[in-house]
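Written out below as structure tokens is the structure these notes cover.
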Amino acid sequence: MALKTFKPYTKSTRGTILVDRSGLWKGKPFKALVSPKNSMKGRNNNGHITSINRAGGHKKMYRHIDFYRKKFDMIASVERIEYDPNRSCYIMLVKFEDNSHAYYLAPQKIKVGDKIENGSKKEIKIGNCMPLQDIPVGIDIHNVEIQPGAGGKIARSAGTSVTISGLDGNYSLIKLASGEVRKIDSRSLATIGVLSNPDQKNIKIGKAGRSRWLGRRPHTRGVVKNPVDHPHGGGEGKTAGGRHPVSPTGQSAKGLKTRDNKRTDKFIVKRRNKRKDTK
């Protein structure tokens, strides 16, 4: 898929850059694998706002993706590749030998009509799913399970993948995109290939209306609010906030480390790379 630009007939089309989806399925999703999805508008189960500036958005149905790859040792054929409004990468509808269907995440270079398979000791081929112990070192993989049978959790967004960098007893060493190296049980499943739609990161929305379609409300800076609404608010005239940047709840916004899970620290071989200063 390529990027799509527009002639500047209006102010919004001047800077708009979108992904060309002309090669995707143009019909409706597979009815048996979708269900209604209610927008939470940034609120939790108690009705409290936990994610600000979220509301509205276009109505959409949820596509049920099989992250577990439940059908083993059965050949499936790729029937179509679709756009999914709930995630950044594309999805593919596959049909098994028993005429059942499933939605999987679609990797790059996979085409309609390709055959894929799940199980142990399968061919190293894009779209095939197998345990980490059966995948050679250096292969790009996605939809990786953290624990066997828990379903894919790692590398599920557009254009992402991780790499097997080595073995350590019953564990495989996985190098993540952030530079972190992590030990994962070698019985965990992973799928071969890099996920589709790598140009997602190059999109320029172009106008405020498209943000509203995505469920994003306008963002207001903290320094122009009242003190009751934000720690940076208030003051006489135009001020800089009077303190180091913090979130609306007072949490530092300058690289504060919030990870607190000592139970899994033993599985991290190398921490992620430090962020480079862009100033």
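The values are calculated or read from the model by the stated rules, or taken from the named source; none is laboratory data. What you see is a predicted model, and the numbers here were worked out from it, not measured in a lab. FYI the Cβ positions are ideal-geometry reconstructions off the backbone, even for glycines, and counts take in every protein chain you see.
In this structure, is N226 of a type in the set (S, T, N, Q), over 30 Å from L167 (Cα atoms) and exposed (fewer than 10 other Cβ atoms within 10 Å of the Cβ)? I'd like the intermediate steps shown before the answer.
Numbers: of a type in the set (S, T, N, Q): yes; over 30 Å from L167 (Cα atoms): yes; exposed (fewer than 10 other Cβ atoms within 10 Å of the Cβ): yes.
For N226, the condition - of a type in the set (S, T, N, Q), over 30 Å from L167 (Cα atoms) and exposed (fewer than 10 other Cβ atoms within 10 Å of the Cβ) - is met.
Can you run down the residue pairs with Cβ atoms below 6 Å, 6 or more apart or on separate chains, where the first is in the stretch 252-279 and farther than 30 Å from L167 by Cβ and surrounded by 10 or more Cβ atoms within 10 Å (Cβ to Cβ) and the partner is at pLDDT 90 or above and not hydrophobic (A, V, I, L, M, F, W, C)?
A253/P245; A253/S247
Which residues, counting only those in the stretch 124-152, are touching a residue at least 60 places away in the same chain (Cβ under 8 Å) and either closer than 18 Å to L195 by Cα or of a type in the set (D, E) (or both)?
I124, K125, I126, G127, N128, C129, M130, N143, G151, G152
Here's the yes/no breakdown for (1) hydrophobic (A, V, I, L, M, F, W, C); (2) within 24 Å of G138 (Cα to Cα):
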residue	(1), (2)
S165	no, yes
G169	no, yes
L173	yes, yes
R187	no, yes
I205	yes, no
R210	no, no
R217	no, no
R243	no, no
I268	yes, yes
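Residues of the stretch 71-102 being among the charged types (D, E, K, R), surrounded by fewer than 18 Cβ atoms within 10 Å (Cβ to Cβ) and over 22 Å from L18 (Cα atoms), which ones?
Once the filter is applied, which keeps residues that are among the charged types (D, E, K, R), surrounded by fewer than 18 Cβ atoms within 10 Å (Cβ to Cβ) and over 22 Å from L18 (Cα atoms), the stretch 71-102 yields D73, E79, K95, E97, D98.
If you check T258 against the conditions, is it more than 26 Å from S51 (Cα to Cα) and polar (S, T, N, Q)?
Answer is no for this residue.
Within the stretch 47-70, does at least one residue satisfy the condition of being assigned to a loop (DSSP other than H, G, I, E, B), free of Cβ contacts under 8 Å to residues at least 24 places away in the same chain and acidic (D, E)?
No, there is no match, as no residue in the stretch 47-70 is assigned to a loop (DSSP other than H, G, I, E, B), free of Cβ contacts under 8 Å to residues at least 24 places away in the same chain and acidic (D, E).
Does Y62 satisfy the criteria of being crowded, with 20+ Cβ neighbours inside 10 Å and of a type in the set (F, W, Y)?
Considered against the rule, which asks whether it is crowded, with 20+ Cβ neighbours inside 10 Å and of a type in the set (F, W, Y), Y62 comes out as no.
Please specify each residue of the stretch 103-139 satisfying the condition of being surrounded by 20 or more Cβ atoms within 10 Å (Cβ to Cβ) and part of a strand (DSSP E or B).
Y103, Y104, L105, P107, I116, N118, C129, M130 - these are the residues of the stretch 103-139 that are surrounded by 20 or more Cβ atoms within 10 Å (Cβ to Cβ) and part of a strand (DSSP E or B).
Looking only at the stretch 225-275, filter to residues that are in a loop (DSSP other than H, G, I, E, B) and either touching a strand residue (DSSP E or B) at 6+ places or on another chain (Cβ under 8 Å) or among the acidic types (D, E) (or both); which one of those is farthest from S172 (Cα to Cα)?
Among them, the one singled out is E236.
Any residue at all in the stretch 177-199 that is modelled with pLDDT under 95, aliphatic (A, V, I, L, M), surrounded by 13 or more Cβ atoms within 10 Å (Cβ to Cβ) and within 15 Å of the chain's Cα centre (by Cα)?
The answer is yes, given that some residue of the stretch 177-199 is modelled with pLDDT under 95, aliphatic (A, V, I, L, M), surrounded by 13 or more Cβ atoms within 10 Å (Cβ to Cβ) and within 15 Å of the chain's Cα centre (by Cα).
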